[in-house]
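Colleague: This structure is in structure tokens; I'll ask about it shortly.
The values are calculated or read from the model by the stated rules, or taken from the named source; none is laboratory data. What you see is a predicted model, and the numbers here were worked out from it, not measured in a lab. For neighbour counting, all protein chains shown are included, and Cβ atoms are generated from backbone atoms with ideal geometry for every residue, glycine included. Remember, those area values only see protein heavy atoms, side chains included, never the ligands or the DNA or RNA. Shrake-Rupley method; radii C 1.70, N 1.55, O 1.52, S 1.80 Å.
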Amino acid sequence: MQSIDPRDLVLDWARVSKKYGFDACLVIFVINDLSGMGFLNKPGMWSVISVRQLRTDNPSEELYGKRVYRMLMKGLGLAAGVGGNPDPHCVMYYKSFSLQGIDYTSATFGPFALSPIQDTLRMIGGDEIFLQDANRN
């Protein structure tokens, strides 16, 4: 596992991406830094999420896994330029950025977040990144 300093992402993304060989449309970095931030992002490029506080209440492994998944989904939304929204059924719900909020929100995107994420992905990756239903013409 390689260590990435989030400050380098902000100050010199070109050097970091060249060093690590990032060819992806969006990059989500997962860190476990007790002293760092919870989220950091550059919309349309990358997102840093920290899992540092997801175990503070000694959750079961199942609950911890759900929290990590939701954080990854939030990271994708943030990397795509989507922030918090008023939909309580969306992983980007503005009250779900706390530990309690993460546990009580969905792990999926609602319409406030899904459409902008799809638009961003189409813009930077084209329609071919979406799986096409073989039965549709």
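Colleague: Of all residues in segment 92-110, which are surrounded by 18 or more Cβ atoms within 10 Å (Cβ to Cβ) and touching a Gly at 6+ places or on another chain (Cβ under 6 Å)?
Modeller: Hit for segment 92-110 is MET92, nothing else.
Colleague: Would you check if there is a residue in segment 32-41 being under 24 Å from LEU9 (Cβ atoms), modelled with pLDDT under 90 and either among the basic types (Lys, Arg) or surrounded by 18 or more Cβ atoms within 10 Å (Cβ to Cβ) (or both)?
Modeller: Taking segment 32-41 and keeping what is under 24 Å from LEU9 (Cβ atoms), we get 32-41.
This time we only want the ones that are modelled with pLDDT under 90, so: 32-41.
Subsequent filtering for residues that are either among the basic types (Lys, Arg) or surrounded by 18 or more Cβ atoms within 10 Å (Cβ to Cβ) (or both) retains 40-41.
Looking for residues that are under 24 Å from LEU9 (Cβ atoms), modelled with pLDDT under 90 and either among the basic types (Lys, Arg) or surrounded by 18 or more Cβ atoms within 10 Å (Cβ to Cβ) (or both), one finds at least one in segment 32-41, hence yes.
Colleague: Give just the number: which of (1) over 29 Å from ARG7 (Cβ atoms); (2) of a type outside the set (A, V, I, L, M, F, W, C); (3) at pLDDT below 90; (4) in a helix (DSSP H, G or I) does GLU62 not satisfy?
Modeller: Just one mismatch for GLU62, condition (3).
Colleague: Which one is modelled with the lowest pLDDT among residues in segment 111-123 that are closer than 15 Å to LEU78 by Cβ and open to solvent by less than 90 Å² (accessible area, probe 1.4 Å)?
Modeller: Checked segment 111-123; the qualifying residue modelled with the lowest pLDDT is LEU121.
Colleague: Related question: Quick one: which residue in LEU72, LEU54, LEU76 is in a loop (DSSP other than H, G, I, E, B), crowded, with 16+ Cβ neighbours inside 10 Å and modelled with pLDDT of 85 or more? Walk me through how you get there before you give the answer.
Modeller: Details: LEU72 fails: in a loop (DSSP other than H, G, I, E, B); LEU76 fails: in a loop (DSSP other than H, G, I, E, B).
Step by step, each of LEU72, LEU54, LEU76 is checked, and only LEU54 is in a loop (DSSP other than H, G, I, E, B), crowded, with 16+ Cβ neighbours inside 10 Å and modelled with pLDDT of 85 or more.
Colleague: Please tell me if PRO88 is surrounded by fewer than 15 Cβ atoms within 10 Å (Cβ to Cβ) and outside any strand (DSSP E or B).
Modeller: Details: surrounded by fewer than 15 Cβ atoms within 10 Å (Cβ to Cβ): yes; outside any strand (DSSP E or B): yes.
Taking the combined requirement at face value, the residue satisfies it.
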